[in-house]
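Shown next, in structure tokens, is the structure this report addresses.
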Amino acid sequence: MAHLNDTEVFLAFSTYATIVILKMMLMAFVTVYFRITRKSFLNLEDAHMGKTAEEKKRMLQVNEDVERSRRCHQNDLENIIPFVVIGLLYALTGPDLSTAVLHFRLFVGSRFAFMAAYLIPLPHPSRAVAWMVGMATNFSMAYRMAEIVHMIDSEVFLAFSTYATIVILKMMLMGPITSYHRLTKKVFANMEDTNLAGSAEDRKKMIRVDQGVERVRRCHQNDLENITPFVVIGLLYALTGPDLSTALLHFRVFVGSRFAHTVAYLLPLPQPSRALAWMVGMGTTFSMAYRVLTTALFL
């Protein structure tokens, strides 16, 4: 494998990935700003500025500005993490520099546009267009991954790249599934998303919580909590030089467990089907972590 830090494509990826990760991290400070200025907190100990118990209780109420910032941050997590992983693997395929830079700039620009459309807020479909541009950029880079076999001389790393791409694309598709449920059930989180409704009263009715939508969102959140560790540990595991058949078993079992978890969550199937799928995936990641720590432990 070529030394990536000697290539302009990798330097470009490193630059734009760093920018977009810093942007994602700064969303936490935006949320903190809104919490302090709107005096809206989640935990009682955070409401110490309140002088009386009643005032502290009021500070624990939900504030729309805070929630909007949190949702924007969550969307960053759902889209930027896949970009970083897929973008890194995409850089390995040796794309043309101008094509690669176009992909990176489009994605980073789409995330800043998405944030502006969410926080200002701008009328629809501005936010949806920004989100779709970012998604399309990630899918375009993932499509290029079909050519990675010509660029990687390690079968284990090639296998990891394949299964990591599959499971990340599966995680990304949870976003459109959530959108589908919101549109078909007419359930939204933001007032600007309800512009299809005729009257103000109808628009207010669309701002509500629906169990079907929340189920998909929880499934998506569970993907983030489990696929992200798999990608990081799986990459380190691949670099320890494991046996190909053992590595393939780990990758296949994990990917299969995530698809099984999603099916069990969305249908839904009775417990313990979902719990078993989750435990199999967790066990696989812990198994790879054990290999990393026993092979490359340096304290």
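Observations
- Note on R208 and L169: their simple-model spin labels are 3.8 nm apart, each label 7 Å out from Cα toward Cβ.
- The range 163-197-the range 234-283 distance, computed between alpha-carbon centres (Å): 24
- For Y290, Y33, the ranking by accessible surface with the largest value first comes to Y290, Y33, using a 1.4 Å probe.
- Using a Förster distance of 30 Å, the FRET efficiency for I120-S140 (Cβ separation, nearest 0.05): 0.60
- Nearest-10 value in Å² for the accessible area of T15, using the 1.4 Å probe: 70
- For V253, the solvent-accessible surface with a 1.4 Å probe is about 50 Å², rounded to the nearest 10.
- Placing dummy labels 7 Å off each Cα toward the beta-carbon, the span from Q74 to E8 is 4.2 nm.
- Carbon/sulfur fraction of accessible area - the chain, other protein chains in place, 1.4 Å, %: 66
- Whole-angstrom gap from the range 66-126 to the range 34-49, using each part's C-alpha centre: 30
- ³J(HN,Hα), Karplus 6.51/-1.76/1.60, whole Hz, each residue of the range 27-35, x for Gly, Pro: 4, 5, 5, 4, 5, 4, 4, 5, 4
- Taking every protein chain into account, the 1.4 Å probe leaves H48 with about 130 Å² of accessible area, to the nearest ten.
- Scattering curve values for the range 153-299, log₁₀ I(q)/I(0), Debye with Cα scatterers, q = 0.13, 0.15, 0.16 Å⁻¹: -0.66, -0.79, -0.85
- Estimated translational diffusion coefficient (Stokes-Einstein, Kirkwood radius over Cα pairs, 37 °C, 0.692 mPa s) of the range 1-65: 222 µm² per second.
- Largest first, the extents of the alpha carbon coordinates of the range 69-211 on the three principal axes equal 61, 31, 22 Å.
- Peptides 134-142, 38-46 ranked from most to least packed by the mean count of surrounding Cβ atoms within 10 Å: 134-142, 38-46.
- The convex hull around the C-alpha trace of the chain, projected and averaged over every direction, spans 19.1 square nanometres.
- Kirkwood Rh and Cα Rg combined as Rg/Rh, the range 23-119: 1.19
- Taking a straight line from the alpha carbon of K186, these lysines sit under 20 Å away, with near neighbours fewer than eight places off in the same chain left out: K204, K205.
- Estimated FRET transfer efficiency (L42, N190; beta-carbon r; R0 22 Å; 0.05): 0.65
- Hits among lysines - C-alpha to C-alpha of K57 under 23 Å, sequence gap 8 or more where chains match: K39
- Accessible surface calculations at 1.4 Å, restricted to protein heavy atoms, place the chain at 53 Å² per residue.
- Counted by Cβ distance under 13 Å from K23, the other residues give a net charge of 0, where Lys and Arg count +1 and Asp and Glu count -1.
- Of the Cα atoms belonging to the range 212-272, the radius of gyration and Dmax stand at 14.0, 43 Å.
- Between helix 64-92 and the chain: long-axis angle, C-alpha atoms, 0 to 90°, nearest 10: 10
- For M288, the shell of other residues with beta-carbons less than 15 Å away shows a net charge of +2, using +1 for Lys and Arg and -1 for Asp and Glu.
- For the set K185, K170, solvent exposure ranked by accessible area (probe 1.4 Å, protein chains only) runs largest to smallest as K185, K170.
The values are calculated or read from the model by the stated rules, or taken from the named source; none is laboratory data. Fair warning: this is a prediction, and the values are worked out from it, not measured in the lab. Note that each Cβ is placed from the backbone with ideal geometry, even for glycine, and that neighbours are counted across all protein chains shown. Only protein heavy atoms, including side chains, enter the accessible area calculation; ligands, DNA and RNA are left aside. Shrake-Rupley method; radii C 1.70, N 1.55, O 1.52, S 1.80 Å.
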